[in-house]
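Novice: I have a structure I would like to understand better, so I am pasting it below and will then ask my questions one at a time.
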Amino acid sequence: MRMKNNRLPVYCQLSFLISFLQNRPQSNDVVESSEEKKWRMFSEMIHSNSETYIDATEEMIKTNMNYTKFLLKAHSAGNISLKTFMHEQLDDDFFQTVNPHTIFLFSDKEKCKEYQDDYGMLFISEEDIYKSQITQPFDEELSQLDPQYGWSILYKYKHPCNAMVIADNYLLDDPSLIEKNLLEVLRRILPDELRKTDFHLTIITNCKDFKTQKYNIKNRCDFLDKKILAFKKPYKIVLKIIGTPGSDLHKLHDRNIITNHIRFYSGKGISLSKNVKFQANTRVTIGFINNNNIFNNVNTLIELYITAENHAQDFVVTKKGARNRLLKYR
């Protein structure tokens, strides 16, 4: 069960940590450079309100005290929970059960790419911090999508992921809006590769008129399943639709798209586009879960969605799957 105020899990190789600290960007400018900003952001992610795992024994940590002492100090102060791991743990079972928001900081860039393509988890090498498009979305804690581009701008925010939860009470009302919105989002966010796992997609929506044709969740699920199959992705997409009864709608008013590492939010809902551009005065906010405040907000939302699924078993339609990994983890 997910714990409230959970810490962001970060698995960091000792070799990454040493090189990262040794190669801190330096600038004489008064204004912080983009490389300095990214270095600071990752440093804070490792030693501020995180659950940080290092692949080192206690003896190795002591031997490399020049590089590990700031972690030990943060652990003693209660700012992080410092733990150790061994690479032998990183097998298929581990990746199927690990917290899906986990971030991995590893030295070998090629190995990072291999793990990402296998499992859809976020692996970042030191080189990736400064040069890769993978970390481009993390430049800002919060940002707004430009309405004139509509959902097409999401290509900038494509990132390794293996699960998505979408909550919107009216998302499935109109098939034409499904085409212009939900399917457009999926086209731009779904990963190209997942070699050793499935992609979990859960939609939480209104079903107060569940038995009528207009709100027939099963029909919508069949419709979506056919559309998603047409994407011809080289992995299985496990689709589940959770219909919330009318009495619960006020609790699920927030409209969100949540992946392993990003939260998209719009007060006007997700069905924002009828053509290419968003409707007038539309704002879509993007928050990156490496930020502790956003991570805690997402945890609160996920608790709500877990409750909705548990209390709406008569209104759940699923295709070939179990609970979304974002709604459960060890």
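The values are calculated or read from the model by the stated rules, or taken from the named source; none is laboratory data. Just so it is clear, the structure is predicted and the values come from calculations on it, not from any experiment. For neighbour counting, all protein chains shown are included, and Cβ atoms are generated from backbone atoms with ideal geometry for every residue, glycine included.
Novice: Taking N6 and the conditions (1) loosely packed, with under 15 Cβ neighbours inside 10 Å; (2) in contact with a His (Cβ under 9 Å, 6 or more places away or on another chain), which numbered condition does it fall short on, given that it satisfies the others?
Specialist: Result: N6 passes all but (1).
Novice: A further question on this structure: If you check every pair at least six apart or on different chains, which have Cβ atoms under 7 Å apart with a residue in region 155-176 that is modelled with pLDDT of 75 or more first and a residue that is hydroxyl-bearing (S, T, Y) and surrounded by fewer than 21 Cβ atoms within 10 Å (Cβ to Cβ) second?
Specialist: If the second residue must be hydroxyl-bearing (S, T, Y) and surrounded by fewer than 21 Cβ atoms within 10 Å (Cβ to Cβ), the pairs left are N162/T197.
Novice: Separate question: Which ones in region 73-107 are under 19 Å from F42 (Cβ atoms), free of Cβ contacts under 8 Å to residues at least 60 places away in the same chain and surrounded by 15 or more Cβ atoms within 10 Å (Cβ to Cβ)?
Specialist: Initial filter on region 73-107 (under 19 Å from F42 (Cβ atoms)): 73-75, 79-83, 85, 99, 101-107.
Now drop any that are not free of Cβ contacts under 8 Å to residues at least 60 places away in the same chain, which leaves 73-75, 79, 82-83.
The answer is A74, H75, N79, L82.
Novice: State which residue pairs qualify: first residue under 14 Å from Y157 (Cα atoms) and inside region 186-208, second residue hydroxyl-bearing (S, T, Y) in any location, beta carbons under 6 Å apart, and separation of 6 or more residues or different chains.
Specialist: Going by the 6 Å Cβ cut-off, the qualifying pairs are R188/Y155.
Novice: Could you tell me which residue of region 177-215 is modelled with the lowest pLDDT, considering only residues that are closer than 19 Å to T244 by Cα and part of a helix (DSSP H, G or I)?
Specialist: So the residue we want is I178.
Novice: Can you name every residue in region 273-330 that is at pLDDT 75 or above and assigned to a loop (DSSP other than H, G, I, E, B)?
Specialist: I289, R323, N324, K328
Novice: Can you list the helices (runs of 4 or more DSSP H) found entirely within region 1-118 that contain at least 3 residues being polar (S, T, N, Q)?
Specialist: Where helices (runs of 4 or more DSSP H) fall fully within region 1-118 and carry at least 3 residues being polar (S, T, N, Q), they are 14-22, 65-76.
Novice: I would also like to ask the following. From the list K69, K83, pick out the single residue that is modelled with pLDDT under 90 and of a type in the set (K, R). Lay out the reasoning, then the answer.
Specialist: Details: K83 fails: modelled with pLDDT under 90.
The match here is K69.
Novice: Also: Would you confirm, using the coordinates I've provided, whether N28 is exposed (fewer than 14 other Cβ atoms within 10 Å of the Cβ) and touching a residue at least 40 places away in the same chain (Cβ under 8 Å)?
Specialist: On the way: exposed (fewer than 14 other Cβ atoms within 10 Å of the Cβ): yes; touching a residue at least 40 places away in the same chain (Cβ under 8 Å): no.
Taking the combined requirement at face value, the residue does not satisfy it.
Novice: Further question: In this structure, is E44 surrounded by 13 or more Cβ atoms within 10 Å (Cβ to Cβ), out of contact with any Gly (no Cβ under 6 Å at 6 or more places or on another chain), of a type in the set (D, E) and in contact (Cβ under 8 Å) with a residue 12 or more places away in the chain? Outline the logic, then answer.
Specialist: Numbers: surrounded by 13 or more Cβ atoms within 10 Å (Cβ to Cβ): yes; out of contact with any Gly (no Cβ under 6 Å at 6 or more places or on another chain): yes; of a type in the set (D, E): yes; in contact (Cβ under 8 Å) with a residue 12 or more places away in the chain: no.
Considered against the rule, which asks whether it is surrounded by 13 or more Cβ atoms within 10 Å (Cβ to Cβ), out of contact with any Gly (no Cβ under 6 Å at 6 or more places or on another chain), of a type in the set (D, E) and in contact (Cβ under 8 Å) with a residue 12 or more places away in the chain, E44 comes out as no.
Novice: With respect to Y115, is the statement that it is of a type in the set (S, T, Y), within 23 Å of R325 (Cα to Cα) and either outside the structural domain of Y155 (by TED's automatic domain parsing) or touching a strand residue (DSSP E or B) at 6+ places or on another chain (Cβ under 9 Å) (or both) true? Before you say what the answer is, go through the steps one by one.
Specialist: Working: of a type in the set (S, T, Y): yes; within 23 Å of R325 (Cα to Cα): yes; either outside the structural domain of Y155 (by TED's automatic domain parsing) or touching a strand residue (DSSP E or B) at 6+ places or on another chain (Cβ under 9 Å) (or both): yes.
Yes.
Novice: So, of the residues in region 37-65 that are modelled with pLDDT of 85 or more and among the polar types (S, T, N, Q), which turns out to be nearest to the chain's Cα centre (by Cα)?
Specialist: S50
Novice: With respect to K109, determine if the residue is basic (K, R) and modelled with pLDDT under 90.
Specialist: no
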